[in-house]
Amino acid sequence: MKKIMIILLAILCIPLSGFAMSLSTLENNPQRYIKISENYNSAVYTDTGSIKSIRYSPPYYTLSANTYYVVYKLNIVFACSEIYNYDYNYSTESTMKRIISDMYDNDEQPDEDTVCSRTEAAQRENSGIERNGTCTGIWKLNGQPIKKSVPSSSTNSPVTYHTVGYDIAESIFKTYYNQFF
């Protein structure tokens, strides 16, 4: 009877160990887990193997991916399943073309500094990206689960230009389509 209980317990633990994430897994697999951002307190990684296209209807794109947030001070890694909606009409390229066209329409001579500063201002106003994410798991840095899953709901929220969220969205788009957003 003891052997049967041990075998059953081992079988039940196999799925839990298969979903563990540790800092060493993230750091030792740079081809799969791209480090998007890092500072003294935290780091963010995207799982390139998880990137999937949900919508391809130019100028509208939707991509999903798993992202891992490392919080060194709390000794944790948490996973999020994220969905990014992109409107290419607000991409850097489209915004820059629109600004140059507007400048010519207003008899202004475009110069690099003016075009860049107006493009950045326009993208700060509307980056063209929205994010929806759900936390899916939390582990200690060594991969030991803290909770099996942490379901949470989220609504679409705009992604601000020049933030970690924008960097994640940009990296996912670049990885999937091999071009910048």
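Can you go through 69, 90, 56 and tell me which one is within 16 Å of residue 176 (Cα to Cα) and aromatic (Phe, Trp, Tyr)? Spell out how you get there, then give the answer.
On the way: 69 fails: within 16 Å of residue 176 (Cα to Cα); 90 fails: within 16 Å of residue 176 (Cα to Cα).
Result of the check over 69, 90, 56: 56.
Name the residue, out of 131, 118, that is open to solvent by less than 60 Å² (accessible area, probe 1.4 Å) and among the charged types (D, E, K, R).
131
Among the strands (runs of 3 or more DSSP E) contained in segment 73-166, which hold 2 or more residues that are charged (D, E, K, R), over 19 Å from residue 44 (Cβ atoms) and free of Cβ contacts under 8 Å to residues at least 24 places away in the same chain?
Answer list for segment 73-166: none.
The values are calculated or read from the model by the stated rules, or taken from the named source; none is laboratory data. In this text, all values refer to a predicted model and were calculated from it rather than measured experimentally. All Cβ positions, glycine included, derive from the backbone under ideal geometry; neighbour counts span all protein chains shown. These accessible areas exclude ligands, DNA and RNA; they are computed on the full protein's heavy atoms, side chains included. Shrake-Rupley method; radii C 1.70, N 1.55, O 1.52, S 1.80 Å.
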